[in-house]
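Peer 1: Please see the structure below; I have some questions.
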Amino acid sequence: MLELPIISISIFLPLISVLYILLFISQSKKADKPIYVMYVAVLSSVLTFISTIYILIEFDSSNPAYQFVERYAWLDKIGLEFHVGVDGISIFFVALTSFLTLICIIGSLFTVKKYIKEYLVCFLLMESFCIGAFTSVNLLLFYLFFEAILVPMYIIIGVWGGENRIYAALKFFLYTFFGSVFFLLSLIYIYSKIHSFDLTYISELTYNIPLFAQQILWWAIFIAFAVKIPMIPFHTWLPDAHVQAPTSGSVILAGILLKLGGYGFLRVLLPLFPSVSQEFAIYVIYLSVIAIIYASLVAFAQKDMKKMIAYSSIAHMGYVTIGIFSFTEAGVSGAIFQMLSHGMISSCLFLIVGTLYERLHTKEIAKYGGVASKMPVLATFFMIAMLGSVGLPGTSGFIGEFLSLLGIYKVNVIATFIAALGIILGAVYMLKLYKEVMLGEIINKEIMHFRDLYKYEIISITPLILLIIYFGLMPSSILNVFRLSVENLLVKF
């Protein structure tokens, strides 16, 4: 194994590219400088993706501890270190981040018409911050990356979003920032008691904190991550954000940012407060079940494609939280798999909706119909992504939901049956969406002039389709990578 600071490379390469774009290309007087910006952004995202694939290939799944660890002193007086590493739980989220960022940047080159330099800079910043969050072993460093992500996403929604973009961007920012305030206050209290932000260290000492204080800290940190997932009743920012965000913004939002909430539960909440997590798990489970049913029913009533997919995301993330708080190997493994699967499926669905919007400039379901006759390749891709979303065996969506339900069945049979009803409801609204958009007669004359997918659209969507199928047919190749890390996490339960 090469002694390279490979995680630092993955984190800082996009940042260095941003600095190069802002300091050098921005000062250039050449008329074709947007082309140089595109070259730099694509090259940066490709190299970052390669670095994360290297980490994935060299990762030793027989070792549950952190690997590729880098630790450098930073601000010792406040316990801040640049301490990063990956384990079986985080490694796929790092790869997913670089993969989806690459797809978004390639797609943006053909669809973004204004401020392309600033747009690409925002995506490179988000890539850096997300990889930083997924690899942080220092809790304060995690918080800094976790918070920094808000800024580029706020700008993406607020500048390149739809008609009500300012409202959606502010709502997104205020909701998530509100949750993070509780997180910050919790960090301050924890440091005052333990004098460290090292996750591997403080997770062994939080039992010294008084029980009542642990309960308060648990709820404070829980709210921060519940807003990000989002769980009911902290969910109302998500549909607005998705509807107003540009296509690539929705891909990153659904594919990566929502996963930070579930990842936060696994990396921070459960290891730091295992006994309190068990005490309050029943409330989280029933909140999750309510979210699954409620979001599925609301999704069925939607007339906007992106809003329907947004509510379906809330429902799907409900399976993640019931899996995590089952505290079983099957449930937690299913939750991680479901997050990865949902990251691919939802991204694919948003890209498909984006291709339709580029042609008809509306997301209203009633405006479509008969699209399959003019766009058979898109219809095929849409069918596979839709079947993955409803959890058809042979797709990635089935594995995550099945394992999550299997895990919660060992804990709460009633919650299992109610959550299983959500799968049926999901099939109803997704099949309805496919039927109304792709099948039937063409009622809008503009659809007669539709052209099937362009090359850049095929390049963006095809890898996701292949991964949805691969994860569904070969789940053990993914599950085995994080099996020991999950077992290590559950030792305290």
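The values are calculated or read from the model by the stated rules, or taken from the named source; none is laboratory data. It should be emphasised that the depicted structure is a prediction, and the values quoted were computed from it without experimental measurement. Note that we place each Cβ from the backbone using ideal geometry, even for glycine, and neighbour counts take in every protein chain shown.
Peer 1: Just checking, does the stretch 304-312 include any residue being among the aromatic types (Phe, Trp, Tyr), touching a Ser or Thr at 6+ places or on another chain (Cβ under 9 Å) and under 23 Å from Arg483 (Cβ atoms)?
Peer 2: no
Peer 1: Please determine, by comparing only the residues of the stretch 357-403 that are of a type in the set (Val, Ile, Thr) and in a helix (DSSP H, G or I), which one is surrounded by the most Cβ atoms within 10 Å (Cβ to Cβ).
Peer 2: Ile399
Peer 1: Quick one: which helices (runs of 4 or more DSSP H) lie wholly within the stretch 233-283 and hold at least 1 residues that are over 15 Å from the mean Cα position of the chain (by Cα)?
Peer 2: 237-244
Peer 1: Right, another one. Does Thr176 satisfy being in a helix (DSSP H, G or I) and surrounded by 20 or more Cβ atoms within 10 Å (Cβ to Cβ)?
Peer 2: Yes, satisfied.
Peer 1: Can you give me the number of residues within the stretch 61-83 that are under 24 Å from the mean Cα position of the chain (by Cα) and not polar (S, T, N, Q)?
Peer 2: 7
Peer 1: Could you please tell me which pairs satisfy a Cβ distance under 9 Å, a separation of 6+ or placement on different chains, a first residue in the stretch 59-74 that is farther than 22 Å from Leu479 by Cα, and a second residue that is of a type outside the set (D, E, K, R) and assigned to a loop (DSSP other than H, G, I, E, B)?
Peer 2: Val69/Val137; Glu70/Pro5; Arg71/Val137
Peer 1: Something else about it: Tally time: how many residues in the stretch 452-467 are free of Cβ contacts under 8 Å to residues at least 60 places away in the same chain and charged (D, E, K, R)?
Peer 2: Selection size over the stretch 452-467: 1.
Peer 1: Right, next: Of all residues in the stretch 190-207, which are more than 14 Å from Leu80 (Cα to Cα), over 29 Å from the mean Cα position of the chain (by Cα) and either without any contact (Cβ under 8 Å) to a residue 60 or more places away in the chain or not in a helix (DSSP H, G or I) (or both)?
Peer 2: Scanning the stretch 190-207 gives Lys193, Leu205.
Peer 1: All but one of (1) surrounded by fewer than 24 Cβ atoms within 10 Å (Cβ to Cβ); (2) in a helix (DSSP H, G or I); (3) not acidic (Asp, Glu) hold for Gln302; which doesn't?
Peer 2: Unmet condition: (2).
Peer 1: Which residue, of Leu287, Leu297, is assigned to a helix (DSSP H, G or I), surrounded by fewer than 24 Cβ atoms within 10 Å (Cβ to Cβ) and touching a Ser or Thr at 6+ places or on another chain (Cβ under 8 Å)?
Peer 2: On inspection, the qualifying residue turns out to be Leu287.
Peer 1: Which one is nearest to Gly400 (Cα to Cα), of the residues in the stretch 446-462 that are surrounded by fewer than 16 Cβ atoms within 10 Å (Cβ to Cβ) and not aliphatic (A, V, I, L, M)?
Peer 2: So, considering only residues that are surrounded by fewer than 16 Cβ atoms within 10 Å (Cβ to Cβ) and not aliphatic (A, V, I, L, M), the one nearest to Gly400 (Cα to Cα) is Thr462.
Peer 1: At negative phi, loosely packed, with under 13 Cβ neighbours inside 10 Å, outside any loop (DSSP other than H, G, I, E, B) and of a type outside the set (S, T, N, Q): does that describe Tyr20?
Peer 2: When the stated conditions are applied, Tyr20 does not pass them.
Peer 1: Return only the number of the condition from (1) under 17 Å from Met305 (Cβ atoms); (2) surrounded by 15 or more Cβ atoms within 10 Å (Cβ to Cβ) that Ile478 does not satisfy.
Peer 2: Only one criterion is unmet by Ile478, namely (1).
Peer 1: Would you check which residues across the stretch 114-146 are among the charged types (D, E, K, R) and at pLDDT below 95 and list them?
Peer 2: The answer is Lys114, Lys117, Glu118.
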